[in-house]
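The values are calculated or read from the model by the stated rules, or taken from the named source; none is laboratory data. A quick note: this is a predicted structure, and the numbers were derived from the prediction, not measured. Note: ideal-geometry Cβ built from the backbone for every residue, glycine included; neighbour counts use all protein chains shown. All accessible areas refer to the heavy atoms of the entire protein, side chains included, with ligands and DNA or RNA removed. Shrake-Rupley method; radii C 1.70, N 1.55, O 1.52, S 1.80 Å.
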Amino acid sequence: MALQSAAAEGPAPSGASSGGMYHFLMILCGVAGAMLFAAMAVLVCVDVFMRNVGMGNISWGVEMTEYMLMVATFLAAPWLLYLNDHIRVDIIVRGVSAPAARLLELITDAFGFIVCAVLAWQSVVVAQDAAAQGGMVFKVLIFPEWWLNVPMAFSCTLLAIEFARRFQRGLRVPEGN
């Protein structure tokens with residue numbers, strides 16, 4: 001439902017004006033995450049059905065589901081933050097004055113930016129290191145190890161950008177609000 005309303009509403013519901021490409025990228029993240037969750041559900045159901053009717057199993061199913069869960073989670077995170085639909089504990093913010101709440105929002109946005117920027121940078125460093133060493137993942141599926149870092153680097157970069165946008169938006173809000 002949030003995906004449909006986001007597509008219909010245009011840029012971030014919080015009133016921020018953003019470029020059409022950025023909005024499209026956020027919607028694409030949400031759609032891709034949702035599609036991966038749907039594909040996981042289908043894969044698990046097919047695998048269980050095959051086992052129950054004696055047709056064996058999908059040997060790579062469990063491993064693929066693990067990777068899909070990771071990628072879907074990382075893809076959905078920036079989209080949820082963009083829509084302000086992320087999990088948020090705001091019991092303190094609700095109990096303070098508007099100027100104090102605004103300051104807390106700015107602090108959390110700045111902290112979120114710093115954490116996500118560091119994680120994005122570290123993900124890229126680890127991926128480059130794994131690629132340079134030629135690290136491979138050897139399970140049922142075999143692939144370069146650095147591939148596992150790409151979703152985190154991508155997601156944390158987008159999260160850092162979104163936290164920066166939220167911080168900038170918070171600075172523009174008049175002091176009385």
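Quick look at the numbers
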{"read-out": "Global size of segment 94-177 as Cα Rg and Dmax, reported in angstrom", "value": "18.5, 59"}
{"read-out": "Per residue Cα convex hull volume in Å³ - calculated over segment 119-167", "value": "57"}
{"read-out": "For Val137, residues with placed amide H under 5 Å, excluding near neighbours", "value": "Phe143, Glu145"}
{"read-out": "Accessible surface, the chain, averaged per residue in Å² (probe 1.4 Å)", "value": "60"}
{"read-out": "Between segment 18-47 and segment 112-177, the Cα center-to-center distance that results, in Å", "value": "18"}
{"read-out": "All-pairs Cα distance distribution in segment 14-84, expressed in whole percent, bin size 10 Å", "value": "20, 37, 22, 14, 6, 1"}
{"read-out": "Net charge dipole size for the chain [Lys, Arg +1 and Asp, Glu -1 on Cβ; Debye, nearest 20]", "value": "280"}
{"read-out": "Nearest-0.05 FRET efficiency for Trp60 and Ile91, computed from C-beta distance (R0 35 Å)", "value": "0.20"}
{"read-out": "Equivalent ellipsoid semi-axes, the chain, via Cα gyration tensor eigenvalues times 5, rooted, Å", "value": "36, 21, 14"}
